[in-house]
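Student: Got a structure here, written out as structure tokens. Questions coming.
The values are calculated or read from the model by the stated rules, or taken from the named source; none is laboratory data. These numbers come from a predicted model, not from an experiment. All Cβ positions, glycine included, derive from the backbone under ideal geometry; neighbour counts span all protein chains shown. Please note that ligands, DNA and RNA were not included when accessible areas were found on the heavy atoms of the full protein model with its side chains. Shrake-Rupley method; radii C 1.70, N 1.55, O 1.52, S 1.80 Å.
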Amino acid sequence: MKKTHRDEWRVMVTLKPRRPADLGLTGLDEIAEFIAVEGPITVAVLPRRLGNLGFGALSMSDRLISRDIEGDYRRRCEEIAAELRHRPHVAEVEVTCTETHMCSYCRRPWEELTAEQAADPRMRIDEHSVEGEPTCCDRSIDEFRAERGIPAEGGAA
């Protein structure tokens, strides 16, 4: 079975600064001039770790803080995004993360046959192989086929 892990949560923010203060550049008017960069600027805003309690070096594992680490990071990023969307120089805000797909049986990266691979006798397991079939281990292939009524590996049609 495919298991998806989400981590490295972040809020991607596209800024269209109209003045130096939009970038936090203030207090230099008497000694500096600013030239705006053409086009938007995109930055990543990372949420503070769940286990960072904000008291200097006091920190603990996210697992000790939350029973739903993925959900808590998503909610924290949504909160950040909601705050940023109200700023006049913010053009776009998107919450994103890195997804890793693993097999729950063999713990290897999840890969599936493409339509081309399923049609190529050298790439498929047997004549019943189809597009989307996992390629990591026999248990995941057996489960995939059982769910779809496809004969088991090497089974008769």
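Student: Which of Met102, Met12, Met123 moves most in a GNM of the chain, Cα contacts under 10 Å?
Tutor: Maximum among the listed residues: Met123.
Student: Sort Leu53, Leu23 by heavy-atom solvent-accessible area, probe 1.4 angstrom, most to least.
Tutor: Details: Leu53 65, Leu23 85 Å².
Highest to lowest solvent-accessible surface, that is Leu23, Leu53.
Student: For the full complex of protein chains and a 1.4 angstrom probe, list Asp29, Asp7 by accessible area with the highest value first. Spell out each step's value before the answer.
Tutor: Details: Asp29 125, Asp7 75 Å².
Highest to lowest solvent-accessible surface, that is Asp29, Asp7.
Student: Between the DSSP loop rule and a limit of at most 15 other Cβ atoms within 10 Å, which trypsin sites (Lys or Arg not before Pro) in segment 81-150 are left?
Tutor: When the trypsin sites (Lys or Arg not before Pro) of segment 81-150 are filtered for loop state and at most 15 Cβ neighbours within 10 Å, Arg107, Arg122 remain.
Student: Just need log10 I(q)/I(0) for segment 48-147 at q = 0.12, 0.13, 0.21 Å⁻¹, Debye formula, equal scatterers on the alpha-carbon atoms, no solvent, rounded to two decimals.
Tutor: So the normalised log intensities are -0.69, -0.73, -1.03.
Student: Using only the Cα atoms of segment 17-82, what are the Rg and Dmax in Å?
Tutor: That works out to 18.1, 52 Å for Rg and Dmax.
Student: Please give the FRET efficiency for Ala44 paired with Glu70, using the beta carbon to beta carbon distance and R0 = 22 Å, rounded to the nearest 0.05.
Tutor: E between Ala44 and Glu70, to the nearest 0.05, is 0.75.
Student: Taking the chain as the reference, fit the longest principal axis to its C-alpha atoms, fit the long axis of helix 138-148 to the helix C-alpha atoms, and give the angle between the two in degrees, 0 to 90, nearest 10.
Tutor: Approximately 90 degrees, to the nearest ten.
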